[in-house]
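Visitor: Attaching a single structure in structure tokens format; questions to follow.
The values are calculated or read from the model by the stated rules, or taken from the named source; none is laboratory data. Since the model is a prediction, treat every value here as computed from it, not as a measurement. Cβ placement follows ideal geometry from the backbone for every residue including glycine, while neighbour counts extend to all protein chains displayed.
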Amino acid sequence: MKKMLLALVLMLASFAVSAASISIGNPTVSPGNFYIGSPGYTNTTLTDTLRTDTIQSGYAILGGQLSTSWALSSDVDASFSLGVSGTGTSGMASWTVSILNSGGDLLTSGSLGSVFESLMISAGDTLTAVIAGTISSNIFASKSFSASLALSSIQIAETPLPAAIWLFGSVLLGGLAMRRRKAQQVAAVVA
């Protein structure tokens with residue numbers, strides 16, 4: 001009987017505890033025309049709530065247009081805030097950040113260094129954060145930069161327990177009551 005109660009407690013606890021989170025995927029680097037090098041990234045920080053990447057633009061001497069995107073996904077409904085920052089190449093103050101839904105529609109946009117509050121993501125859905133700007137044509141300017149995405153204020157939407165769980169619980173308690181009553185009747189007959 002103790003094992004059955006322990007199993008019931010563990011089952012209910014497993015529904016209450018959720019290890020779900022919002023994950024930030026690897027970046028996609030998309031330079032404009034006439035780049036010479038190899039666009040790519042090197043991850044320098046990766047935690048549950050922070051991702052920092054060093055982005056290689058692919059431009060060797062001259063600069064040009066560049067966009068870098070990260071996919072954000074979740075296995076539960078959640079709301080969160082996303083801070084996006086970048087450093088390392090000249091002219092980044094004029095770069096933009098856009099947040100797109102899974103259909104590619106613009107949800108919100110702002111400048112680099114913005115914090116986007118109260119973003120919503122549905123279970124199984126994907127949002128995309130895009131940083132876009134121009135790499136300087138100055139031959140002495142850096143052709144790579146560092147970008148950070150920071151998640152905060154993550155609120156997981158509570159999912160109600162299905163009715164089957166409550167029915168199972170009532171049947172389990174009824175079975176335990178019947179077992180106890182039967183044990184009392186057997187004890188009365190033996191005594």
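Visitor: As an exercise: evaluate Ala13 against (1) more than 22 Å from the chain's Cα centre (by Cα); (2) modelled with pLDDT of 80 or more; (3) under 30 Å from Trp166 (Cα atoms); (4) of a type in the set (Gly, Ala, Ser) and give the number of the one condition it does not meet.
Guide: (2)
Visitor: Tell me which residues, restricted to segment 123-145, are closer than 30 Å to Asp77 by Cα and either surrounded by 18 or more Cβ atoms within 10 Å (Cβ to Cβ) or modelled with pLDDT of 90 or more (or both).
Guide: Asp125, Thr126, Leu127, Thr128, Ala129, Val130, Ile131, Ala132
Visitor: Is one or more of the residues making up segment 92-105 crowded, with 17+ Cβ neighbours inside 10 Å, closer than 23 Å to Val29 by Cβ, touching a helix residue (DSSP H, G or I) at 6+ places or on another chain (Cβ under 7 Å) and in the same structural domain as Tyr41 (by TED's automatic domain parsing)? It would help to see each step written out before you state the result.
Guide: Initial filter on segment 92-105 (crowded, with 17+ Cβ neighbours inside 10 Å): 92, 95, 97-100.
Within this subset, residues satisfying the condition of being closer than 23 Å to Val29 by Cβ are 92, 95, 97-100.
Add one more test, that the residue is touching a helix residue (DSSP H, G or I) at 6+ places or on another chain (Cβ under 7 Å), and what stays is none.
No: segment 92-105 contains no residue that is crowded, with 17+ Cβ neighbours inside 10 Å, closer than 23 Å to Val29 by Cβ, touching a helix residue (DSSP H, G or I) at 6+ places or on another chain (Cβ under 7 Å) and in the same structural domain as Tyr41 (by TED's automatic domain parsing).
Visitor: Which residue pairs have Cβ atoms closer than 8 Å, lie 6 or more positions apart in sequence or on different chains, and pair a first residue in segment 25-43 that is farther than 24 Å from Ser73 by Cα with a second residue that is in a loop (DSSP other than H, G, I, E, B) and among the aliphatic types (A, V, I, L, M)?
Guide: Close Cβ pairs (under 8 Å, with a partner that is in a loop (DSSP other than H, G, I, E, B) and among the aliphatic types (A, V, I, L, M)) amount to Phe34/Leu62; Tyr35/Ala60; Ile36/Ala60; Ile36/Ile61; Gly37/Ala60.
Visitor: Is there any pair linking a residue in segment 163-191 that is surrounded by 10 or more Cβ atoms within 10 Å (Cβ to Cβ) to one that is outside any helix (DSSP H, G or I) and at pLDDT below 80, with Cβ under 9 Å and at least six apart or on different chains, and which?
Guide: Leu176/Met1; Arg179/Met1; Arg180/Met1
Visitor: Which ones in segment 72-97 are of a type in the set (Gly, Ala, Ser), in contact (Cβ under 8 Å) with a residue 24 or more places away in the chain and closer than 25 Å to Leu62 by Cβ?
Guide: Gly86, Gly88, Ser90, Gly91, Ser94 - these are the residues of segment 72-97 that are of a type in the set (Gly, Ala, Ser), in contact (Cβ under 8 Å) with a residue 24 or more places away in the chain and closer than 25 Å to Leu62 by Cβ.
Visitor: With the checklist (1) over 16 Å from Met92 (Cβ atoms); (2) in contact (Cβ under 8 Å) with a residue 24 or more places away in the chain in hand, flag the one item Leu112 doesn't pass.
Guide: (1)
Visitor: Among the residues of segment 52-72 satisfying the criterion of being surrounded by fewer than 21 Cβ atoms within 10 Å (Cβ to Cβ) and among the small types (Gly, Ala, Ser), which is farthest from Ile135 (Cα to Cα)? Explain how you work it out, then say what you get.
Guide: Filtering segment 52-72 for residues surrounded by fewer than 21 Cβ atoms within 10 Å (Cβ to Cβ) gives 52, 54, 56, 60-62, 64-65, 67, 69, 71.
Next, only the ones that are among the small types (Gly, Ala, Ser) stay: 60, 64, 67, 69, 71.
Numbers: Ala60: 11, Gly64: 5, Ser67: 10, Ser69: 16, Ala71: 22 Å.
Taking the candidates together, the pick is Ala71.
Visitor: Based on what the data block shows, is Leu46 under 16 Å from Ser153 (Cβ atoms), among the aliphatic types (A, V, I, L, M) and within 20 Å of the chain's Cα centre (by Cα)?
Guide: no
Visitor: Now a separate question. Do you know which residues across segment 86-109 are in a loop (DSSP other than H, G, I, E, B), modelled with pLDDT of 90 or more and either under 26 Å from Asn138 (Cβ atoms) or among the charged types (D, E, K, R) (or both)?
Guide: Trp95, Asp105, listed by residue number.
Visitor: Go through (1) surrounded by 14 or more Cβ atoms within 10 Å (Cβ to Cβ); (2) within 21 Å of Gly58 (Cα to Cα) for Ser109 and report which single condition fails.
Guide: Every condition holds for Ser109 apart from (2).
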